[in-house]
Amino acid sequence: MTEGNPAPMFRIVFVLGALALLAAAPAAAQPSREAGMFGARESASSVDLSPSGRYVVFIAPAAGASSVAVIADLHGSAQARPILRSSGNPDHLRWCRFASDARLICSTSGVAEANGVEVPYSRLVVIDSDGGNLRQLGQRASAYDTRLRQFDGAILDWLPDDGRAVLMARDYVPEGELTGSRMSRRLEGLGVDRIDLETLRATQVLPPDRRASGYLTDGRGNVRIMRLARSDGDGQDSSRTFYQYRGESGGWRDFSSYDSRTREGMIPIAVDGASNSAYVLRKLDGRFALYRVRLEEGLPSELVYANEEVDVDDIVRVGRSGPIIGATFADEVRRTIWFDPRYRDLAQTLSRAIPNLPMIDFAAASRDGTKLLVFAGSDDDPGRYYVYDSAAPALNEIMLVRPELEGVTLANVRPVSYPSADGVSVPSYLTLPPGREDARGLPAIVLPHGGPSSRDEWGFDWLPQFLANRGYAVLQPNFRGSEGYGDEWFADNGFRGWQTSIGDVTAGGRWLVTQGGDPQRLAIVGWSYGGYAALQSGVVEPDLFKAIVAIAPVTDFAMTIRESEGYSNYRLVRDFIGSGPHLEQGSPLRNAARIRAPVLMFHGTRDFNVRIAQAREMQSALEAAGRPSRLTVFDELEHGLADSAARARMLDEIAEFLDASLGG
């Protein structure tokens, strides 16, 4: 297929439509229809295609916070069957992927308590496609282990020519002195093993190294780069990470380093065995660019792609371990610079076949490459999955990401910009109610993102879509302190430079008014750092927003630092947030009496990212100051509130609160 040729005829077949059987059970109080539709978790996430191209596996929501791994046969009846379930408390299913048609590897994670301290963990398991023969891939725990095993490892290479084995970075924990005849384990650190998925026999590829924190392979079973995370000698993580490479003749040599505090250095993100080179991210004129570095003496490098406005943030490959086919970045929308003209032409052809879904991603491929799992989505379509068969050619639709919203008219998202107080143009996204062309006369909401080292992108987002469906104009600003726009825009980050970040957020509210938004019906809603931004905006400009909604908010800088005490990242968190007067001036908890607008907060009791104490103390401070406020607590839920019923309840409460506060 070449650019300019007419698109071939595709047949569209909807295969999997009945996944609502796995939807979460309704809450005791029935949510509104709209809240139930928008609050529902994705019906299919982490989708993968089997090596033969016959089966797909995906994670589906079940009752409450639980999830189910589901396999569907794309031939014949396309029947779906669950093979593995997680409770959501504390374990969460993150993904399942095929090693072969008969055997899969799944990842679970969660937060558990050990010796009175909450500790995040992850585990890898292997399971048959019929749900049997479940086994753990990591080293088994022992009562004599000398330390906690938080993360048992990662799959480095799926060895696609085999399917019976994988390369795994495996965490080895030594045992203490044992009594009796059994020998204690002495190996410690992160090593690499080749694991037979039938027998679970492990063959050592690289011995464990206590300095190692990760590895990269060339996709051919060869480990080429090792990541070395240094500590400062007292168990505290260092901001500087070192990398070593192994040449084709063997032996480790220094490759690069990267400092997360200064954002300087070179980060290897992939290895290409065919060219004996690594793809790396390195600064060019203050923004990350993509380079290719030969893994040989002298490390000769060449620029692959740089953008003059934003950071290049990743490479593009076919599925999890396929060939590297492009580079990607996001300016107003997510874009790909294609290295392989075959996939460029195919992406263009598929875009013509499904013109309303411009976001195209090659999510997985069959072993022979003839079948591709394709995700396609847009701002007003949550997305759907297809299987493309190049032999036919045919494009078969197999599932919807959010079937509850099928047939619902959703809002378009427009890239916009507005001036901040100092004249700097702030890139943002504006979502208007379906059918509206401008914000004149509308109630309006500023919705800052979390992080703060993150950014919003063009596409579907359930929270602003719900608000737009309720009749609000919604602005999502990528304020200074956001990632993706280079060093100058990142500045001092959203904590140290909170005044600049919050100034950009409040300027967004004033801009909405200049666009015709009703100044008496202007609100702010945020999650995590966005929740902080919502509360702090009420501190610095008490009369601007007439209602504040903060979900899992940071409320106090010093408390955030204290929450990391006892963990290896304490010093990194402390240095990132900094010290000085801004710890008090920039914390809404310390300035609650300045807030005049009514406040609604939500928080989960198992939130490891931002502890619920932050919201509880904020609620107490608002009550003490006589400010109208309410905190809704979700028992046993984490930062993302990954429970459809809980999200639906939250959306209903937000809608009622905004109607009451803004006179809707």
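The values are calculated or read from the model by the stated rules, or taken from the named source; none is laboratory data. Note that the structure is a prediction, hence the values are computed from the model and not measured. Note that we place each Cβ from the backbone using ideal geometry, even for glycine, and neighbour counts take in every protein chain shown. With ligands, DNA and RNA removed, areas are computed over all heavy atoms of the protein, side chains included. Shrake-Rupley method; radii C 1.70, N 1.55, O 1.52, S 1.80 Å.
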Of all residues in the range 475-502, which are acidic (Asp, Glu) and either at pLDDT 95 or above or part of a helix (DSSP H, G or I) (or both)? Glu483, Asp487, Glu488
Given the condition of a type in the set (Phe, Trp, Tyr), open to solvent by 20 Å² or more (accessible area, probe 1.4 Å) and within 21 Å of Leu522 (Cα to Cα), answer yes or no: does some residue in the range 420-430 qualify? no
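Counting only residues that are among the hydroxyl-bearing types (Ser, Thr, Tyr), give me the strands (runs of 3 or more DSSP E) lying completely in the range 98-206 with at least 3 of them. Give the derivation first.
Details: elements: 103-114, 117-128, 153-157, 165-172, 189-196.
In the range 98-206, 103-114 are the strands (runs of 3 or more DSSP E) which contain 3 or more residues that are among the hydroxyl-bearing types (Ser, Thr, Tyr).
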Out of (1) farther than 18 Å from Ala60 by Cβ; (2) open to solvent by less than 20 Å² (accessible area, probe 1.4 Å), what's the single condition that is false for Ala112? (2)
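Please pick out the residue among Arg436, Arg440, Arg414 that is open to solvent by 10 Å² or more (accessible area, probe 1.4 Å), farther than 30 Å from Asp48 by Cβ, out of contact with any strand residue (DSSP E or B) (no Cβ under 8 Å at 6 or more places or on another chain) and touching a residue at least 12 places away in the same chain (Cβ under 8 Å).
On the way: Arg436 fails: out of contact with any strand residue (DSSP E or B) (no Cβ under 8 Å at 6 or more places or on another chain); Arg414 fails: out of contact with any strand residue (DSSP E or B) (no Cβ under 8 Å at 6 or more places or on another chain).
Matching residue, one of Arg436, Arg440, Arg414: Arg440.
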Report yes if some residue within the range 531-553 is outside any loop (DSSP other than H, G, I, E, B), within 29 Å of Asn115 (Cα to Cα) and open to solvent by 50 Å² or more (accessible area, probe 1.4 Å); otherwise report no. no
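Given the range 279-330, what strands (runs of 3 or more DSSP E) lie entirely inside it while holding 1 or more residues that are open to solvent by 60 Å² or more (accessible area, probe 1.4 Å) and at pLDDT 95 or above?
Numbers: elements: 287-294, 301-305, 312-317, 324-330.
So the answer is 287-294, 301-305, 312-317.
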Scope the range 545-576; condition within 22 Å of the chain's Cα centre (by Cα) and either free of Cβ contacts under 8 Å to residues at least 40 places away in the same chain or more than 30 Å from Leu651 (Cβ to Cβ) (or both); matching residues: Ser564, Asn569, Leu572, Val573, Phe576
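Kindly indicate the residue of the range 208-240 that is farther than 15 Å from Leu156 by Cβ, in contact with a Leu (Cβ under 7 Å, 6 or more places away or on another chain) and not basic (Lys, Arg) and also surrounded by the most Cβ atoms within 10 Å (Cβ to Cβ) among those meeting that condition.
We begin by selecting, within the range 208-240, every residue farther than 15 Å from Leu156 by Cβ; these are 210-211, 228-240.
Next cut, in contact with a Leu (Cβ under 7 Å, 6 or more places away or on another chain) only: 211, 237, 239.
Within this subset, residues satisfying the condition of being not basic (Lys, Arg) are 237, 239.
Values: Asp237: 19, Ser239: 16.
The extreme case among them is Asp237.
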Counted residues in the range 422-444 being closer than 24 Å to Ser454 by Cβ, part of a loop (DSSP other than H, G, I, E, B) and in contact with a Lys or Arg (Cβ under 9 Å, 6 or more places away or on another chain) come to 2
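Looking at Ser213, Ser142 in this structure, which one is under 23 Å from Gly566 (Cα atoms) and among the small types (Gly, Ala, Ser)? Explain how you work it out, then say what you get.
Details: Ser142 fails: under 23 Å from Gly566 (Cα atoms).
Among Ser213, Ser142, only Ser213 is under 23 Å from Gly566 (Cα atoms) and among the small types (Gly, Ala, Ser).
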Is there a residue in the range 350-361 that is small (Gly, Ala, Ser) and either in contact with a Ser or Thr (Cβ under 7 Å, 6 or more places away or on another chain) or within 18 Å of Val56 (Cβ to Cβ) (or both)? no
Does Gly566 qualify as being at positive phi and part of a loop (DSSP other than H, G, I, E, B)? yes
